[in-house]
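For reference, the structure discussed in these notes is given below.
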Ligand SMILES: [Zn+2]
Ligand SMILES: [Zn+2]
(Lines give C-alpha, C1' and ligand atoms only; values in the text may rest on other atoms or scores of the structure.)
(Ligands and ions follow the chains in the order given, each with its own letter.)
Protein backbone atom coordinates (compact mmCIF):
# COMPACT_ATOMS: atom_id res chain seq x y z
CA UNK A 1 0.00 0.00 0.00
CA UNK A 2 1.32 3.48 -0.82
CA UNK A 3 -0.37 5.30 2.03
CA UNK A 4 0.86 5.13 5.56
CA UNK A 5 0.29 6.43 9.08
CA UNK A 6 1.84 5.90 12.49
CA UNK A 7 1.11 2.31 13.62
CA UNK A 8 0.18 1.42 10.03
CA UNK A 9 3.55 1.44 8.30
CA UNK A 10 4.30 -2.17 7.55
CA UNK A 11 3.36 -4.49 4.75
CA UNK A 12 1.72 -7.80 5.56
CA UNK A 13 3.00 -10.20 8.21
CA UNK A 14 1.32 -12.18 10.98
CA UNK A 15 3.35 -14.20 13.46
CA UNK A 16 1.53 -17.13 15.07
CA UNK A 17 3.77 -18.46 17.82
CA UNK A 18 7.00 -18.83 15.85
CA UNK A 19 5.51 -19.30 12.40
CA UNK A 20 5.25 -16.27 10.13
CA UNK A 21 2.46 -15.77 7.61
CA UNK A 22 3.47 -13.38 4.83
CA UNK A 23 6.79 -11.59 4.62
CA UNK A 24 5.98 -8.07 3.47
CA UNK A 25 9.03 -6.64 5.23
CA UNK A 26 12.58 -7.95 5.33
CA UNK A 27 12.76 -6.94 9.02
CA UNK A 28 10.13 -9.57 9.93
CA UNK A 29 12.89 -12.19 9.56
CA UNK A 30 14.58 -10.62 12.61
CA UNK A 31 11.82 -12.26 14.67
CA UNK A 32 13.47 -15.59 13.89
CA UNK A 33 10.43 -17.47 12.56
CA UNK A 34 10.71 -21.27 12.30
CA UNK A 35 8.96 -21.20 8.92
CA UNK A 36 7.26 -18.73 6.60
CA UNK A 37 3.99 -19.38 4.76
CA UNK A 38 3.10 -16.92 2.01
CA UNK A 39 -0.46 -16.28 0.88
CA UNK A 40 0.78 -15.13 -2.54
CA UNK A 41 3.79 -13.57 -4.19
CA UNK A 42 2.79 -9.92 -4.53
CA UNK A 43 5.63 -7.81 -3.11
CA UNK A 44 3.58 -6.44 -0.20
CA UNK A 45 3.39 -10.05 1.04
CA UNK A 46 6.77 -11.30 -0.20
CA UNK A 47 9.33 -8.45 -0.21
CA UNK A 48 11.97 -10.59 -1.95
CA UNK A 49 10.00 -10.65 -5.19
CA UNK A 50 11.00 -7.01 -5.76
CA UNK A 51 14.07 -6.51 -3.54
CA UNK A 52 17.48 -8.09 -4.00
CA UNK A 53 17.88 -10.74 -1.29
CA UNK A 54 19.91 -13.94 -0.96
CA UNK A 55 18.37 -17.35 -0.29
CA UNK A 56 15.65 -17.16 2.35
CA UNK A 57 17.12 -18.28 5.69
CA UNK A 58 14.08 -20.29 6.87
CA UNK A 59 11.80 -22.88 5.23
CA UNK A 60 9.41 -20.83 3.12
CA UNK A 61 6.22 -22.07 1.49
CA UNK A 62 4.09 -20.40 -1.16
CA UNK A 63 1.23 -21.38 -3.49
CA UNK A 64 3.66 -21.41 -6.45
CA UNK A 65 7.35 -21.41 -7.34
CA UNK A 66 9.41 -18.23 -7.66
CA UNK A 67 12.19 -18.30 -10.26
CA UNK A 68 14.79 -16.20 -8.41
CA UNK A 69 14.22 -18.12 -5.16
CA UNK A 70 14.14 -21.83 -5.98
CA UNK A 71 14.28 -22.56 -2.23
CA UNK A 72 10.63 -21.46 -1.92
CA UNK A 73 8.62 -24.67 -1.63
CA UNK A 74 5.14 -25.09 -3.07
CA UNK A 75 2.67 -25.71 -0.25
CA UNK A 76 0.67 -28.94 -0.68
CA UNK A 77 -1.78 -30.08 1.95
CA UNK A 78 -1.41 -29.64 5.68
CA UNK A 79 1.92 -29.29 7.46
CA UNK A 80 3.02 -29.47 11.10
CA UNK A 81 5.43 -26.81 12.31
CA UNK A 82 6.28 -26.14 15.92
CA UNK A 83 3.10 -27.72 17.31
CA UNK A 84 0.86 -25.96 14.79
CA UNK A 85 -1.09 -27.61 12.01
CA UNK A 86 -1.15 -25.35 8.98
CA UNK A 87 -3.68 -26.02 6.25
CA UNK A 88 -3.71 -24.03 2.99
CA UNK A 89 -7.12 -23.05 1.61
CA UNK A 90 -7.09 -21.91 -2.06
CA UNK A 91 -8.44 -18.40 -2.59
CA UNK A 92 -9.35 -16.07 -5.46
CA UNK A 93 -7.33 -12.83 -5.60
CA UNK A 94 -5.05 -12.29 -8.61
CA UNK A 95 -5.32 -13.29 -12.26
CA UNK A 96 -1.57 -13.93 -12.51
CA UNK A 97 -0.64 -15.33 -9.10
CA UNK A 98 -1.92 -18.28 -7.15
CA UNK A 99 -3.13 -17.48 -3.65
CA UNK A 100 -4.27 -19.26 -0.53
CA UNK A 101 -5.42 -18.56 2.99
CA UNK A 102 -4.11 -20.60 5.93
CA UNK A 103 -5.99 -22.33 8.71
CA UNK A 104 -3.76 -22.61 11.78
CA UNK A 105 -4.63 -24.99 14.60
CA UNK A 106 -2.89 -25.93 17.82
CA UNK A 107 -5.44 -28.44 19.11
CA UNK A 108 -7.18 -25.80 21.24
CA UNK A 109 -7.82 -22.85 18.95
CA UNK A 110 -8.15 -22.40 15.25
CA UNK A 111 -7.47 -19.21 13.33
CA UNK A 112 -7.48 -18.25 9.68
CA UNK A 113 -5.30 -15.72 7.89
CA UNK A 114 -6.49 -15.01 4.38
CA UNK A 115 -4.19 -12.46 2.75
CA UNK A 116 -5.80 -10.49 -0.10
CA UNK A 117 -9.16 -11.83 -1.06
CA UNK A 118 -11.95 -11.81 -3.59
CA UNK A 119 -13.23 -15.01 -2.01
CA UNK A 120 -12.30 -18.47 -0.84
CA UNK A 121 -12.41 -20.80 -3.86
CA UNK A 122 -15.93 -22.12 -4.29
CA UNK A 123 -15.31 -25.77 -3.54
CA UNK A 124 -13.66 -24.91 -0.20
CA UNK A 125 -16.18 -22.25 0.81
CA UNK A 126 -18.80 -24.53 2.34
CA UNK A 127 -16.21 -26.70 4.04
CA UNK A 128 -14.64 -24.06 6.28
CA UNK A 129 -14.71 -25.06 9.94
CA UNK A 130 -15.67 -22.82 12.84
CA UNK A 131 -12.79 -20.66 13.94
CA UNK A 132 -11.81 -18.55 16.95
CA UNK A 133 -10.29 -15.73 14.93
CA UNK A 134 -10.07 -14.60 11.31
CA UNK A 135 -7.45 -12.10 10.10
CA UNK A 136 -8.36 -10.79 6.67
CA UNK A 137 -8.16 -8.15 3.93
CA UNK A 138 -9.03 -4.50 4.67
CA UNK A 139 -8.36 -3.11 1.18
CA UNK A 140 -11.83 -1.61 0.65
CA UNK A 141 -14.51 -0.39 3.06
CA UNK A 142 -17.16 -0.18 0.38
CA UNK A 143 -19.53 -3.03 -0.39
CA UNK A 144 -18.14 -5.23 -3.14
CA UNK A 145 -14.61 -3.82 -2.88
CA UNK A 146 -12.94 -3.67 -6.27
CA UNK A 147 -13.29 -6.87 -8.25
CA UNK A 148 -12.61 -7.02 -11.98
CA UNK A 149 -12.83 -9.88 -14.46
CA UNK A 150 -9.99 -10.96 -16.72
CA UNK A 151 -10.45 -11.90 -20.39
CA UNK A 152 -11.52 -15.39 -19.34
CA UNK A 153 -14.13 -14.01 -16.96
CA UNK A 154 -12.23 -14.90 -13.79
CA UNK A 155 -12.59 -12.38 -10.99
CA UNK A 156 -9.56 -10.74 -9.37
CA UNK A 157 -8.98 -7.94 -6.90
CA UNK A 158 -10.34 -7.45 -3.38
CA UNK A 159 -13.84 -7.79 -2.03
CA UNK A 160 -15.16 -5.27 0.51
CA UNK A 161 -14.82 -5.36 4.27
CA UNK A 162 -18.63 -5.53 4.75
CA UNK A 163 -18.72 -8.57 2.44
CA UNK A 164 -16.00 -10.26 4.47
CA UNK A 165 -17.80 -9.48 7.73
CA UNK A 166 -20.93 -11.12 6.31
CA UNK A 167 -18.98 -14.13 5.06
CA UNK A 168 -16.94 -14.77 8.22
CA UNK A 169 -19.44 -13.81 10.94
CA UNK A 170 -21.15 -17.23 10.97
CA UNK A 171 -17.72 -18.88 11.24
CA UNK A 172 -15.85 -16.77 13.78
CA UNK A 173 -16.70 -14.59 16.78
CA UNK A 174 -13.72 -12.31 16.08
CA UNK A 175 -12.56 -10.76 12.79
CA UNK A 176 -9.45 -8.58 12.50
CA UNK A 177 -8.81 -6.51 9.38
CA UNK A 178 -5.32 -5.69 8.14
CA UNK A 179 -3.82 -4.55 4.76
CA UNK A 180 -5.72 -1.26 4.47
CA UNK A 181 -6.25 0.72 1.28
CA UNK A 182 -5.99 4.48 0.87
CA UNK A 183 -9.52 5.06 2.27
CA UNK A 184 -8.28 4.05 5.73
CA UNK A 185 -5.62 6.76 5.94
CA UNK A 186 -7.88 9.77 5.29
CA UNK A 187 -9.16 9.54 8.87
CA UNK A 188 -7.54 6.67 10.74
CA UNK A 189 -9.64 6.95 13.92
CA UNK A 190 -12.85 7.28 11.94
CA UNK A 191 -11.87 4.28 9.81
CA UNK A 192 -11.19 2.17 12.88
CA UNK A 193 -14.63 3.08 14.28
CA UNK A 194 -16.30 2.35 10.93
CA UNK A 195 -14.77 -1.13 10.93
CA UNK A 196 -15.77 -1.81 14.54
CA UNK A 197 -19.37 -0.76 13.78
CA UNK A 198 -19.82 -3.33 11.02
CA UNK A 199 -21.11 -6.13 13.19
CA UNK A 200 -23.18 -6.36 16.31
CA UNK A 201 -22.60 -10.09 16.72
CA UNK A 202 -18.91 -10.56 15.92
CA UNK A 203 -16.04 -8.56 17.42
CA UNK A 204 -14.65 -6.72 14.38
CA UNK A 205 -11.38 -4.80 14.72
CA UNK A 206 -8.69 -2.97 12.77
CA UNK A 207 -5.15 -4.29 13.14
CA UNK A 208 -2.10 -2.07 13.73
CA UNK A 209 1.65 -2.64 13.62
CA UNK A 210 2.74 -4.73 16.59
CA UNK A 211 -0.81 -5.76 17.57
CA UNK A 212 -0.70 -8.75 19.89
CA UNK A 213 -3.64 -11.14 20.19
CA UNK A 214 -3.60 -13.66 23.04
CA UNK A 215 -5.69 -16.79 22.60
ZN1 LIG B 1 -2.11 -9.17 -3.61
ZN1 LIG C 1 -1.62 -7.21 -0.77
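The figures follow:
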quantity: Qualifying residue in the range 180-187 (condition: within 22 Å of residue 15 (Cα to Cα), buried (at least 21 other Cβ atoms within 10 Å of the Cβ) and touching a residue at least 60 places away in the same chain (Cβ under 8 Å)); calculated: yes
quantity: Residue satisfying all of: in the range 8-22; part of a loop (DSSP other than H, G, I, E, B) and either within 16 Å of ligand 1 (Cβ to nearest atom) or within 14 Å of the chain's Cα centre (by Cα) (or both); nearest to residue 212 (Cα to Cα) among these; calculated: 13
quantity: Residue in the range 181-199 that is outside any helix (DSSP H, G or I) and under 18 Å from residue 38 (Cα atoms) present; calculated: no
quantity: Enumerated strands (runs of 3 or more DSSP E) restricted to the range 23-120, each holding at least 2 residues that are under 17 Å from the mean Cα position of the chain (by Cα) and under 30 Å from residue 143 (Cβ atoms); calculated: 84-92, 100-105, 110-113
quantity: Residue in the range 68-77 that is within 16 Å of ligand 1 (Cβ to nearest atom) and modelled with pLDDT of 95 or more present; calculated: no
quantity: Any chance residue 172 is crowded, with 17+ Cβ neighbours inside 10 Å, at negative phi and assigned to a loop (DSSP other than H, G, I, E, B); calculated: yes
quantity: Of all residues making up the range 40-65, the number that are closer than 20 Å to residue 116 by Cα and within 16 Å of ligand 2 (Cβ to nearest atom); calculated: 14
quantity: Among (1) within 16 Å of ligand 2 (Cβ to nearest atom); (2) at negative phi - the single one residue 84 does not satisfy; calculated: (1)
quantity: Filter pass, residue 139 being touching a strand residue (DSSP E or B) at 6+ places or on another chain (Cβ under 7 Å), modelled with pLDDT of 95 or more and over 16 Å from residue 12 (Cα atoms); calculated: no
quantity: Residue match in the range 118-136 (condition: within 16 Å of ligand 2 (Cβ to nearest atom) and under 16 Å from residue 24 (Cα atoms)); calculated: yes
quantity: Selection status of residue 70, without any contact (Cβ under 8 Å) to a residue 12 or more places away in the chain and over 23 Å from residue 121 (Cβ atoms); calculated: yes
quantity: Test: residue 116 is touching a strand residue (DSSP E or B) at 6+ places or on another chain (Cβ under 9 Å), surrounded by 18 or more Cβ atoms within 10 Å (Cβ to Cβ) and modelled with pLDDT of 95 or more; calculated: yes
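The values are calculated or read from the model by the stated rules, or taken from the named source; none is laboratory data. Just so we're clear, the structure is a prediction, and the values are computed from it rather than from any experiment. Cβ: placed from backbone, ideal geometry, glycine included. Neighbour counts: every protein chain shown.
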